[in-house]
Amino acid sequence: MNNYIIYEELGKGSHSVVHKGRKKRSVDFVTLKSFAKAKKDQLLNEASILSKLDNENIIKLRNWHETRNHFWGIYEFLAGGNLETIINQDGAISM
């Protein structure tokens, strides 16, 4: 993960923590999702599913890395927050 700068936390789930990141020496922002080593199966399952899906409305997994304490999924960065936030901002039904 030495090639990335990690910015603010974007969210947290039961298996992972999500951060905004940027590839060093570029303006390429990414989403960095860290999984504890014990959750390797969740990352591999997610990677397997996302690799089979090709749709403009589904986030793309670019790569993944292993560090001493974590596995990191590197995803495309989508500005604007999560789907629930966007729906609430639009005044639509809440989730």
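Tabulated data for the structure shown
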{"read-out": "Debye equation applied to the C-alpha atoms of the range 27-72, log10 I(q)/I(0) at 0.21, 0.27, 0.32 Å⁻¹", "value": "-0.76, -1.06, -1.22"}
{"read-out": "Whole-number Å³ per residue for the convex hull built on Cα positions in the chain", "value": "117 Å³"}
{"read-out": "Residues of the chain: accessible area per residue with a 1.4 Å probe, Å²", "value": "71 Å²"}
{"read-out": "C-alpha long axis of helix 40-52 to longest principal axis of the chain, angle in °", "value": "60 degrees"}
{"read-out": "Under 13 Å, Cα to Cα: Lys pairs in the chain, sequence gap 8 or more or different chains", "value": "5"}
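The values are calculated or read from the model by the stated rules, or taken from the named source; none is laboratory data. Keep in mind the model is a prediction, meaning the values are calculated, not measured. The protein model used for the area step is the full one, side chains on, heavy atoms only, and it has no ligands, DNA or RNA in it. Shrake-Rupley method; radii C 1.70, N 1.55, O 1.52, S 1.80 Å.
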